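To keep things clear, I will list the structure first and then write my remarks on it.
The values are calculated or read from the model by the stated rules, or taken from the named source; none is laboratory data. In this text the structure is predicted, and so the values were computed from the model without any measurement. Quick reminder, even Gly has a Cβ in these numbers, built from the backbone with ideal geometry, and neighbours come from all protein chains shown. Accessible surface areas use protein heavy atoms only, side chains included; no ligands, DNA or RNA. Shrake-Rupley method; radii C 1.70, N 1.55, O 1.52, S 1.80 Å.
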Amino acid sequence: MKTKFTQLVLLRKKKVDEAEIMLQKNAQAIVAKQGEIDALVQEFATLQEPKSGIYQNFLTFAYHKEEFRQTIDFKIQELAQLKHQKKELQEYFRVQNIEFEKAKYLDGLEVKKMIEKAKKQEARDLDEISVMLYANHKEQQ
């Protein structure tokens, strides 16, 4: 049954679905970022400093080691941002879900009103038919 709240319910449902999709994308990004960090940490652990050779080789190793640390730190910061965004998205989803439930409740109330109105009209119609049949039956006797 269509009510004046039907469009609102559909709109709120669409927003809840969009929020859920954003949450899923964020979760995938977090998993991917964590995978990147794990791979970098593992690669960092395999770095071996030169045992002998010229001083330039040691400086190059130290530079690469520091570059790895900075990259890992940057990825960790990105992961922290994604986790913060996840909290914001969860709150947005919660609010949108509440709004959806409100709209559904209002729509349900409106449907109940329409059903009650239809039942009352049907009862009036049946009463009117009964009176007409009774009057018609009286006339025939």
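Could you compute how much accessible surface Lys113 exposes when probed at 1.4 Å, giving the result in Å² to the nearest 10?
Answer for Lys113: close to 130 Å² accessible.
Per residue, what accessible area does the stretch 17-91 have, given a 1.4 Å probe and all protein chains present, in Å²?
Normalised by residue count, the accessible surface of the stretch 17-91 is 76 Å².
I'd like the per residue volume of the convex hull spanned by the Cα atoms of the stretch 49-134, given in cubic angstrom.
Spread over its residues, the Cα hull of the stretch 49-134 gives 90 Å³ apiece.
Mind listing P(r) for the stretch 62-107? All alpha-carbon pairs, 10 Å bins, whole percents.
Cα pair-distance distribution for the stretch 62-107, in percent: 25, 24, 18, 15, 11, 6, 1.
Heads up, I need the accessible area for Lys83: 1.4 angstrom probe, whole protein in place, Å², nearest 10.
Lys83 exposes around 100 Å² with every protein chain in place.
Hey, which lysines would be in cross-link range of Lys120, C-alpha to C-alpha under 16 Å, not counting anything within fewer than 8 residues on its own chain?
Once the sequence-local lysines are set aside, what remains near Lys120 is Lys112.
Can you compute the helix-only [θ] at 222 nm over the chain? Use -39500 (n - 2.57) per DSSP H run of at least 4 residues, normalise by all residues, nearest 500 deg cm²/dmol.
About -34000 deg cm²/dmol.
Give me Rg over Rh for the stretch 1-117, both radii from the alpha carbons and Rh done the Kirkwood way, two decimal places.
1.42
Quick check on the stretch 1-60: take the gyration tensor over C-alpha atoms, sort the square-rooted eigenvalues as a ≥ b ≥ c, and tell me if it's rounded (a/c under 1.5), prolate or oblate.
prolate
Determine the dipole magnitude for the chain: charges of +1 sit on the beta-carbon of Lys and Arg, -1 on that of Asp and Glu, nothing else is charged, the reference point is the Cα centre, and the result goes in debye to the nearest 20.
I would put it at about 440 debye.
Please enumerate, by chain and number, the lysines with C-alpha under 28 Å from the C-alpha of Lys87, excluding those fewer than 8 residues away in the same chain.
Partners within reach: Lys13, Lys14, Lys15, Lys25, Lys33, Lys75, Lys102, Lys104.
Length gain on complete extension for the stretch Gln70 to Lys113, per 0.36 nm per residue less the alpha carbon to alpha carbon distance?
Working it through step by step, the gained length comes to 9.1 nm.
Quantify, in whole percent, the carbon and sulfur part of the accessible surface of the chain (1.4 Å probe; protein heavy atoms only).
Within the chain, the accessible surface is 57 percent carbon and sulfur.
Could you tell me which of Gln77, Gln42, Gln90 has its Cα farthest along the dipole of the stretch 39-102 towards the positive end, charges placed at Cβ (Lys, Arg +1; Asp, Glu -1), taken about the Cα centre?
Checked the options; the winner is Gln42.
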